[in-house]
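Have a look at the structure below, then the notes.
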Amino acid sequence: MILDLNYIIFSSLIIACLLLLYIYKEKIFKIKSKDNEAFSLFLKDLKFYMLQHHPKIDIDYRIVEKTKNEEDMELRQTLIIESVIKQFFNFPYQNETQASIPREKLWINYEEKSKSNPKYPSDWALRKEFAWKRDNKNCNRCGNEINIDEAYTSFVKEINDGGGYNLENIMTLCVNCNKIVNSKNPNTTISSLDLNDKLMNFIK
């Protein structure tokens, strides 16, 4: 009788332990599944955003594989975003001269006012708008769509180096790419990009 009682107690303890182990396993599995789903959505949103807003920047997402063993999901997502932003900053920008503007599109005194000069020509606003429209209202470097009042300009050949104000020498840039092109301190520039805040919003 005592043996039977001990057997029952011992069996009950084993069953209780197995039951707790099963519940724990199921709970961990659900958390893992939820984390995997959240990460998949994060990665999908991130890739879609970069492709939609910065189509000219070719992003390498090998960082996803490199961080697969990182258990802290927020840390992993942060590392991926940091990689994307660094690639955005370091993406090689070939400042090639634009295709020639059709002669009938030019206006009086255009050529005379296009010569290298420390001062902007009097029709600079018109030239800036023309270059913006020529670039399909997109940033020449990353492809981001921008409004004319948010557009910055740069030059294929700098004015100080003998470049002119002719339309072929004018490039349209978004605020982020303008900071990058004129960057003197990479770390400071990277931290100042509003792309940081936009991408960090994707962390789930």
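No value in this document is a laboratory result; all are computed from the given coordinates. Being a predicted model, the structure only gives us computed values, none of them experimental. Positions of Cβ are backbone-derived with ideal geometry, glycine not excepted, and every protein chain shown enters the neighbour counts.
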For this session: Would you work out if segment 57-204 is rounded, prolate or oblate? Take a ≥ b ≥ c from the square roots of the eigenvalues of the alpha-carbon gyration tensor; rounded if a/c is under 1.5, else prolate when a/b is larger than b/c, oblate otherwise.
Result: prolate
For this session: Could you list the residues of segment 38-63 with an amide nitrogen less than 18 Å from a label point located 7 Å from the Cα of residue 187 in the Cα-to-C-beta direction?
Result: none
Exercise. Which residue, chosen from 154, 199, 176, occupies the Cα position most advanced towards the positive end of the dipole of segment 124-204, where the dipole is computed from +1 (Lys, Arg) and -1 (Asp, Glu) charges on Cβ about the Cα centre?
Worked result: 199
For this session: Between residue 136 and residue 53, with labels modelled 7 Å along Cα→Cβ, what's the label distance in nm to one decimal, could you check?
Result: 1.9 nm
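For segment 62-204, give the magnitude of the charge dipole about the Cα centre (Cβ charges: +1 Lys/Arg, -1 Asp/Glu; no others), in debye to the nearest 20.
Details: 21 positive and 21 negative charges, 53 e Å.
In debye, rounded to 20, segment 62-204 gives about 260.
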Problem set entry | Extension reserve of the residue 74-residue 90 stretch, reckoned as 0.36 nm per residue once the Cα distance is removed | 3.3 nm
Problem set entry | Protection-proxy order for peptides 81-87, 179-185, 136-142, 114-120, each taking the mean of Cβ atoms within 10 Å per residue, highest first | 136-142, 81-87, 179-185, 114-120
For this session: Across segment 78-166, how many lysine pairs, 8 or more positions apart or on different chains, have C-alpha atoms separated by under 16 Å? Please give the number.
Result: 10
Problem set entry | Prolate/oblate/rounded call for segment 115-193, Cα gyration tensor, a/c under 1.5 rounded | oblate
